[in-house]
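K.L.:
Mind looking over this structure? Questions follow.
Every number in this text was worked out from the coordinates using simple rules, so none of it is lab data. Worth saying up front: this structure is predicted, and the values here are computed from it rather than measured. A quick note on method: Cβ atoms are made from the backbone with ideal geometry, for glycine too, and the neighbour counts reach across all protein chains shown.
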Amino acid sequence: MAAPLEPVLTGLTFPTSLAFDDDNNLYTAESGLPFAGAEPGGRVWRHEPDGTRRLLAADMRAPVNGLTFHNGTLIVSEGGHPARIARLTLDGTLTPLLEGLPGPGNYHTNMTVVGPDGKLYFSQGAMTNSAIVGLDSYELGWLRRLPHAHDLPGYAIELTGVNIETADPLADDNDRRATTGAFVPFGTVTSTGQLIKPQLPCTAAILRCEPNGRNLELVAWGLRNAYGLGFDAAGRLLAIDQGADDRGSRPIGNAPDLLYEVQKGRWYGWPDFIGGVPVNDPRFRPERGPAPEFVLGNHTELPAPEEALLEFPAHAAAVKFDWAHDGRLVVALFGDERPMTAPEGPRRGRGLAIIDPAHWSIQAIITDGPARPIDVRRGADDAIYVLDFGRFEIDAERGIVAEPASGGVWRLALGQRDSTSGRSGQ
């Protein structure tokens, strides 16, 4: 039985990431999202043992999505436009490593981990919910803009010519309509058989580069928004991919978040498959529109879509993870963002999932403590430290209801030491 979660520090404003250095000093990154009047711009803090904190960097490109300690410095993922990955020394010097990553869009450049090969691995989220730029962009609290960037494929694709008609908010005439296809800008029509070449960088992908940011290459494509990444003790790359939402021009219903083993050259199915299951399967029938059609016409030319190791409940919003010292995986469940991402329904997530990697099953979900768990890291004391984004909800009438300075860090003692346990890349 897990011990209760105990608060360690408070007063953080919408943080996303935490890290420990080699001396077990704690660092946190605040997203910089200006919800509820919060100060804009991402920030990185060093937390001292006496409870004080020191600002290392400010005015970073929001949202800051990742913070990784490696070789005496911090690697920071800045999702704001233009997105980039930068190196932050412990005296506060920020040096860009990789610039010009895709954005702005529905999702962003996410956390970085260091692989067994010494390279930096990171995920690049999709620019859309399911490949078509739609009016749902206005509903996303971190985006609220149209037009925005469209998706870029990692592999050569052929389109089916699916086009969706919506109102055109960019026109002076209120009655004007716009028709938009997949992998193209808003208001652009696609045709059956239209070919689109692979891009680098691309979206909805895992990429890697040298520690200095050079030699960017694609690892795998078709992960919609792999917000959490980590390597296990055997050197396998694991990723948690967030499922599509019931919103926008191509809504998909009841799509789960998935845990994958990521292997080079594979296709993880987005935007036409979810865990190897086609999006037109009845289980994904949306409430906010017709059943989605395939937008890719060359499935047989792509690698077979991969199946997942584990499926989380729909809308749990599984995010980042780490290994406990007893070998189990601890996953933060941020929780649903209804009614923005799906019709009204019961709350999901807002807890920690404890996973047994022996057969990839969820053993327990702990829901006491943090309002919105978003990151977990194992400390030198073998406890799990949980980062709380803070109080954040979506109201049908008021929109985003959030409270600055409501985030913090909690401590969870879990399990017994196991010399065979894994570690995530840091």
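K.L.:
What translational diffusion coefficient, to the nearest whole µm²/s, does the chain have by Stokes-Einstein, given a Kirkwood radius computed over alpha-carbon pairs, a temperature of 37 °C and 0.692 mPa s viscosity?
P.N.:
Details: Rh = 21.5 Å.
Diffusion coefficient, whole number: 153 µm²/s.
K.L.:
Classify segment 207-331: rounded, prolate or oblate, from the alpha-carbon gyration tensor (a ≥ b ≥ c, eigenvalue square roots; a/c under 1.5 rounded; otherwise prolate if a/b is larger than b/c)?
P.N.:
On the way: a/c = 2.12, a/b = 1.39, b/c = 1.52.
Oblate.
K.L.:
Which value, in debye to the nearest 20, gives the size of the charge dipole of segment 234-298 about its Cα centre, when Lys and Arg are +1 and Asp and Glu are -1 at the Cβ? Don't jump to the answer; show the numbers that get you there.
P.N.:
On the way: 8 positive and 9 negative charges, 28 e Å.
Result for segment 234-298 is approximately 140 debye, rounded to the nearest 20.
K.L.:
Another question about this same structure. If packing is taken as the average number of other Cβ atoms within 10 Å across a peptide's residues, how do 298-308, 10-20 rank, most packed first? Write out the running numbers ahead of the final one.
P.N.:
Values: 298-308: 15.7, 10-20: 22.6.
Most protected by this proxy first, the peptides run 10-20, 298-308.
K.L.:
Another question, if that's okay. Determine, from the Cβ-Cβ distance of SER191 and GLU307 and an R0 of 25 Å, the FRET efficiency 1/(1 + (r/R0)^6), rounded to the nearest 0.05.
P.N.:
On the way: r = 32 Å, r/R0 = 1.28.
About 0.20, to the nearest 0.05.
K.L.:
Sort out for me the Cα centre separation of segment 1-80 from segment 346-401, rounded to whole Å.
P.N.:
Taking the Cα centre of segment 346-401 as reference, the centre of segment 1-80 is 17 Å away.
K.L.:
Just GLY103, GLY297, GLY327 to compare: in a GNM of the chain, with alpha carbon springs under 10 Å, which one fluctuates most?
P.N.:
GLY297
K.L.:
Report, ordered by chain and residue number, the lysines lying within cross-link reach of LYS119, taken as a straight Cα distance under 25 Å and ignoring same-chain residues fewer than 8 apart.
P.N.:
LYS264, LYS320
K.L.:
Can you classify segment 69-126 as rounded, prolate or oblate using the Cα gyration tensor, where a ≥ b ≥ c are the square roots of its eigenvalues, rounded means a/c under 1.5, and otherwise it's prolate if a/b beats b/c and oblate if not? Write out the running numbers ahead of the final one.
P.N.:
Values: a/c = 2.59, a/b = 1.41, b/c = 1.84.
Cα axes put segment 69-126 in the oblate bin.
K.L.:
I need the peptides 177-186, 93-102 ranked by packing, meaning the mean over residues of other C-beta atoms within 10 angstrom, with the highest value on top. Write down the numbers at each step before the final one.
P.N.:
Details: 177-186: 20.3, 93-102: 16.0.
Put in order of decreasing packing, that is 177-186, 93-102.
K.L.:
When a footprinting reagent is the concern and you count Cβ atoms within 10 Å, what order do PHE231, PHE334 take, fewest first? Write out the running numbers ahead of the final one.
P.N.:
On the way: PHE231 21, PHE334 27.
Going from least to most buried by this count: PHE231, PHE334.
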